[in-house]
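The values are calculated or read from the model by the stated rules, or taken from the named source; none is laboratory data. Nothing here was measured: the structure is a model prediction, and the numbers come from that model. Ideal geometry is used to build each Cβ from the backbone, glycine not excepted, and the neighbour counts take in all protein chains shown.
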Amino acid sequence: MTATGTPPSEAAGRTPLLAVHEAAGAQLIDFAGWAMPVRYGSDLAEHQAVRERAGLFDLSHMAEIRVRGPEAAAFLDHALAGRLSAIELWQAKYSLLLAEQGGIVDDVIVYRTAGTGTGASEFLVVANASNRTAVLDALAARVAGFDATIDDETDDTALVAVQGPAAAAIVGAIGLESEPIEQLRYYRSLPAVFEGEDVLLARTGYTGEDGFELYIAAHAAEDLWRALVLAGEAHGLALCGLAARDTLRLEAGMPLYGHELSLDTLPAQVGLGRVVALKTKGDFVGRSAVEAGPAADAPVLVGLTAEGSRAPRAGYPVLDGDRVVGTVTSGALSPTLGHPIAMALVEPGSATSDALSVDVRGTRLPAAATDLPFYTREARA
């Protein structure tokens, strides 16, 4: 995404929290066909709030797809690259939906909300807003032969995230009826109730910080949002838009579909080979292509760091010496680290070169290849 964007059209989707964003003075843009807050004030202040205290995000544009039935687990093992039948009740798992040729249709988070093993089960598949139709179409095509159903619950579901060091204190202060959230591990979830409404509370996020994502019925979203804002007053909670979310995930080395991930990239090219369960399950869509692997000259994802204040942006050419060897997929002046960072797809022979640079509007910006992520909260502590 970009930090600017275009204003939403009349046809843009509206999250259940749109009126709240407008009242808070948010700048709205059209993102994946939705009217979304890109910022409420300062991108830098919103970013720093998440790193140092906590930030509150509306993510209700994300697609929520319910999969249930006697063969739901076996179906997802076939449809996705991961072994979903192996996850425990209330566990979350990051996975990929692959095309037959191995390219990435979308990256998803899957929560198991009922059942165990390969028995009758229920899962919540959360997909990117821009890929809602592509994911639904792919799942519908792949469910043939399995005793499972697929339901799109996106329009009836709100999703909000509280991210940052103070997230647990804030979420713990809104009166949720649940097991103690302090005991909830990363990539686990639990059922909760907020003012009579069911909530799926997950210790997941897209910022590199501790945090929670809360799924609730759309009609209850405003009440939940206001309760979080009120509980956050004592902890310096900031309302955060998509611009801050983008720089946060970039620092954390997290890929974004349409930038690092696409139908033209195989998991191994972008460091996601570990997500594909080649050794622990049988056939699945895309397996043959993943086993064959990308072409020898297929670009690979690298992290880049630079000095100064001129930030590489998506689409800028990457050079090795005087030769163009790739393209920046995401880039920014890192608010936390204080220097430019970027992710780029480059020729494999240049992935460890010490002669890389980025063409920033006609000026060569020397860049050093580095391992991802750029930032971890453990290292900062």
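The condition of being touching a strand residue (DSSP E or B) at 6+ places or on another chain (Cβ under 6 Å), at pLDDT 95 or above and either assigned by TED's automatic domain parsing to the domain that holds Val360 or among the hydroxyl-bearing types (Ser, Thr, Tyr) (or both) holds for only one of Val275, Val270, Val302, that being Val302.
Would a scan of segment 207-217 turn up a residue that is closer than 28 Å to Pro335 by Cα and in the same structural domain as Ala79 (by TED's automatic domain parsing)? Among the residues of segment 207-217, not one is closer than 28 Å to Pro335 by Cα and in the same structural domain as Ala79 (by TED's automatic domain parsing), which makes the answer no. For segment 294-311, give me each residue that is surrounded by fewer than 17 Cβ atoms within 10 Å (Cβ to Cβ) and in contact with a helix residue (DSSP H, G or I) (Cβ under 6 Å, 6 or more places away or on another chain). If the condition is that a residue be surrounded by fewer than 17 Cβ atoms within 10 Å (Cβ to Cβ) and in contact with a helix residue (DSSP H, G or I) (Cβ under 6 Å, 6 or more places away or on another chain), then Ala298 is the only one that fits.
If we keep just the residues of segment 1-34 that are among the hydrophobic types (A, V, I, L, M, F, W, C) and within 23 Å of Leu261 (Cα to Cα), which is surrounded by the fewest Cβ atoms within 10 Å (Cβ to Cβ)? Quick ask: steps written out before the conclusion?
Here is the first cut: in segment 1-34, the ones among the hydrophobic types (A, V, I, L, M, F, W, C) are 1, 3, 11-12, 17-20, 23-24, 26, 28-29, 31-32, 34.
The next check asks that each one be within 23 Å of Leu261 (Cα to Cα); those that pass are 1, 3, 29, 31-32, 34.
On the way: Met1: 20, Ala3: 16, Ile29: 23, Phe31: 22, Ala32: 18, Trp34: 20.
Looking at residues that are among the hydrophobic types (A, V, I, L, M, F, W, C) and within 23 Å of Leu261 (Cα to Cα), I get Ala3.
Anything in segment 357-376 that is loosely packed, with under 14 Cβ neighbours inside 10 Å and in a loop (DSSP other than H, G, I, E, B)? List them, or say none. The answer is Arg361, Gly362, Asp371, Thr376. Ala120 meets all of the listed conditions (1) buried (at least 21 other Cβ atoms within 10 Å of the Cβ); (2) modelled with pLDDT under 95 but one, namely (1).
Of all the listed residues (Gly321, Gly326, Gly331), the sole one being surrounded by fewer than 15 Cβ atoms within 10 Å (Cβ to Cβ), over 20 Å from Ala99 (Cα atoms) and at pLDDT 95 or above is Gly321.
Kindly indicate whether Val162 is outside any loop (DSSP other than H, G, I, E, B) and farther than 25 Å from Ala49 by Cα. Answer is no for this residue.
Each residue in segment 198-222 was checked for being surrounded by fewer than 16 Cβ atoms within 10 Å (Cβ to Cβ) and either without any contact (Cβ under 8 Å) to a residue 24 or more places away in the chain or in contact with a Phe, Trp or Tyr (Cβ under 6 Å, 6 or more places away or on another chain) (or both), and 1 pass.
Taking the criterion of being over 11 Å from Ala63 (Cα atoms) and touching a Gly at 6+ places or on another chain (Cβ under 7 Å), the residues of segment 121-149 that qualify are Ser121, Glu122, Asp147, Ala148, Thr149.
In segment 81-104, the condition of being over 17 Å from the mean Cα position of the chain (by Cα), outside any loop (DSSP other than H, G, I, E, B) and crowded, with 18+ Cβ neighbours inside 10 Å is met by at least one residue. Here Gln101 clears all of (1) in contact with a strand residue (DSSP E or B) (Cβ under 8 Å, 6 or more places away or on another chain); (2) closer than 24 Å to Phe284 by Cβ except the condition numbered (1).
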